[in-house]
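For reference, the structure is listed below as structure tokens.
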Amino acid sequence: MKPMLTVIGLMSGTSLDGVDAAIIHTDGERIAGFGPDISLPYTAALRQRARGILDHAPTLSPDDPELKAVEHAITRHHIDAVRQLQALVPDIDLIGFHGQTILHAPQRRQTWQIGDAGLLSRATGVAVIHDFRSADVAAGGEGAPLVPWFHAALLHDVPGPVAVLNIGGVANVTFIDADNTIHACDTGPGNALLDDWAMRHTGTACDVDGGLARTGTVNRDIVEQLLADPYFARPAPKSLDRQSFATALDRVAACTPADGAATLAAFTIEAVRRTPLPARPARWYVCGGGRHNPVLMQGLQAALGAPVEAVDRLGWNGDALEAQCFGFLAARSARGLPLSAPTITGGPNGLSGGRLTCAGLMPVPPWIHATSGRCS
């Protein structure tokens, strides 16, 4: 039996709101328990700079001075998060470091997450697994979503068919069939468009409690125009970049702030409803920041024809879930377990992923040699 590792998982999502960090005890297949978790928000200035990098990522050089400065600042933010957890639980075996996605274009065999794993390892004294998506993308997979492995581990006692909908900047679904087969894909926009619209019209980073969308009227013609995008005709697995539907903001530009928010929320909901799944889920569980938006949750309940609940009803920590996931995936990577599957990412069966960095660790932890056999 493989040893249980105490892992810190780190996640900074496409909403650009900050770093989530969480401790998980796992061997990459079983979950023995969870430890403390924290959220460390980005400053408004760092968030604005990161957004600028994201907007210009397709044309940026890896040596761009602003890119390197933002990468360093984001990495320092992750270091602070890890150190706060280390003060509570000193004996950490491994860190799973997702980094900050600035570009995801799997059909061009590109995915780009920034973050200095070597600096993180040196500053914390812990081995780091990072770059979770590149191997899958290089092998022809979508590189996303990766959370279904974790959802399936958490749902091992819940009979299918069941769906877990993660509404972050982009929304993705994990579907577990009655025979425990896992299917997954990105459904469409999550919070990203609403966040950008709210920032433009209210100066706040999101539509808090759906307050703007609740008072608006949905423009159904615009929703249908947006759903005519070729992405929605593609079969799963499939994935998106945060900016894939950025032009949707131009489509709603003539709307009032409230009507624009209502229309963008309806776009997110209808994209979920139209996502082709192998069977109809008996129940939907929602995680990510979108579960805090009553307009999205009520709209999903009306659209999906099945019970829709926040994952917190299962006893899961909905705010720490993605950070916990990347701790879980780090343990999988360390053991060489698959991160790819034809029905999840479209990548080959059995392909693992992630890169291990243990800069400055002396001696190197023995389980690293016993599991991954590699350390850069």
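The values are calculated or read from the model by the stated rules, or taken from the named source; none is laboratory data. Since the structure is predicted, the reported quantities are computational estimates derived from the model, not experimental observations. All Cβ positions, even for glycine, are placed from backbone atoms using ideal geometry, and neighbour counts span all protein chains on display. The protein model used for the area step is the full one, side chains on, heavy atoms only, and it has no ligands, DNA or RNA in it. Shrake-Rupley method; radii C 1.70, N 1.55, O 1.52, S 1.80 Å.
Here are some notes:
- For the range 1-159, the alpha-carbon radius of gyration amounts to 1.07 times the rule-of-thumb value 2.2 N^0.38 Å expected for a compact globular protein.
- With R₀ set to 30 Å, the beta-carbon distance separating residue 107 from residue 215 gives a calculated FRET efficiency near 0.20.
- Radius of gyration, Dmax [the range 144-195; alpha carbons; angstrom]: 11.6, 37
- Given the choices [x] 171; [y] 146; [z] 129, volume of the Cα convex hull per residue in Å³ derived from the coordinates of this structure is entry [z].
- FRET efficiency for residue 51 and residue 156, using Cβ-Cβ distance with R0 set to 30 Å, rounded to 0.05: 0.20
- Accessible surface of the chain [probe 1.4 Å, protein heavy atoms]: carbon and sulfur percent: 52 percent
- Inter-site label distance for residue 309 and residue 233 at 7 Å from Cα along Cβ, in nm: 3.9 nm
- Accessible surface, the range 1-43, averaged per residue in Å² (probe 1.4 Å): 39 Å²
- Measuring nothing but how far apart in sequence close Cα pairs (under 8 Å, 6+ apart) lie, relative to its length, the range 47-130 scores a relative contact order of 31 percent.
- Nearest-0.05 FRET efficiency for residue 247 and residue 68, computed from C-beta distance (R0 35 Å): 0.75
- Per residue, the accessible area of the range 255-299 comes to 35 Å², computed with a 1.4 Å probe over protein heavy atoms only.
- The slack between residue 87 and residue 29, meaning 0.36 nm per residue of separation minus the straight C-alpha distance, is 18.2 nm.
- Average accessible surface for the range 122-234: 36 Å² per residue, computed with a 1.4 Å probe over protein heavy atoms with every protein chain in place.
- Sorted peptide list for 12-20, 245-253, 205-213, criterion being average Cβ within 10 angstrom, highest first: 12-20, 205-213, 245-253
- Distance in nm between pseudo-label sites at residue 208 and residue 2 (7 Å out along the Cβ direction from Cα): 4.4 nm
- Working from Cα pairs under 8 Å separated by at least six residues, relative contact order for the chain is 23 percent.
- Estimated distance in nm for a label pair at residue 298 and residue 199, the labels positioned 7 Å out from Cα along Cα-to-Cβ: 2.7 nm
- When you restrict to C-alpha pairs under 8 Å that are six or more residues apart and normalise by the size of the range 85-175, the relative contact order lands at 22 percent.
- In Hz, Karplus ³J(HN,Hα) per residue of the range 40-47 (6.51, -1.76, 1.60; θ = phi - 60°; x = Gly, Pro): 10, x, 6, 5, 4, 5, 5, 4
- The range 258-348: C-alpha gyration tensor shape, a/c 1.5 cut-off, then a/b vs b/c: prolate
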